[in-house]
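Student: Following this message is one structure expressed as structure tokens.
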Amino acid sequence: MAVETDWIERLSGESSARDAALADLRELLRAKLRHAFASSGDDFIEDITQDALLKIHSQLDAFEGRSKFTTWALTIAVRVGYTELRRMRWKDVSLEQVTENSASVDAGRVDSQNEPAASAARKQLVEAVHTIIDENLTQKQRDVLQAELAGMPQEEIGRRLGMNRNAIYKLTYDARKKLKKELERRGFSQEDLSTD
């Protein structure tokens, strides 16, 4: 195994040193990822290990040395794994299904454990949000916001709409801003909008 200080040098070096370093790093990542994703199969571990190695190698110049190289590399590998799990979760769910299900959520889902006045106020807020989403947002803003509220990651929304992450972020930012402004115009206060 490589000593902590020579990972970058070995991974950036001549092909034999680089290949040996990649093999060492692959084994280290594979072992750690088996623990992090214990319920996932060997194929999943192999796939994310390979994807992580590619990402790590392409970002070697981004390593700033503020942590151990292996900690930095493992962090990237775990992110790759979680991204893949999120992608797999949403793989067979269309954007249309997500937005239809989100649009059909009614105010009846408001927590009935609250006292009647609080429950009624919350119901009014939920109804107002649905009305504003339907009447004041563009179709694309509606789709993106509803998909995000349903839990779909922005990367997955962007992939389905053919938009990059920054464009999705801007679209949701503008939609939320418009939603908040319209809620305030309708008399809802900041306290009404905060969740307990």
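Student: Restricted to region 40-87, and to residues that are over 14 Å from residue 26 (Cβ atoms) and touching a residue at least 60 places away in the same chain (Cβ under 8 Å), which residue is surrounded by the most Cβ atoms within 10 Å (Cβ to Cβ)? So that I can check it myself, show each step before the final result.
Tutor: In the first step, residues of region 40-87 are kept if they are over 14 Å from residue 26 (Cβ atoms); the result is 40-41, 43-44, 58-69, 71-72, 75, 78-79, 81-87.
Checking which are touching a residue at least 60 places away in the same chain (Cβ under 8 Å) leaves us with 68-69, 83, 86-87.
On the way: 68: 12, 69: 19, 83: 15, 86: 15, 87: 13.
Among those residues, the one meeting the criterion is 69.
Student: Right, next: Residues of region 164-196 being surrounded by fewer than 12 Cβ atoms within 10 Å (Cβ to Cβ), in a helix (DSSP H, G or I) and hydroxyl-bearing (Ser, Thr, Tyr), which ones?
Tutor: 173
Values quoted throughout were computed directly from the atomic coordinates according to the rules given, and no laboratory measurement underlies them. Note that the coordinates shown come from a computational prediction; the quantities given were computed from them, not determined experimentally. All Cβ positions, even for glycine, are placed from backbone atoms using ideal geometry, and neighbour counts span all protein chains on display.
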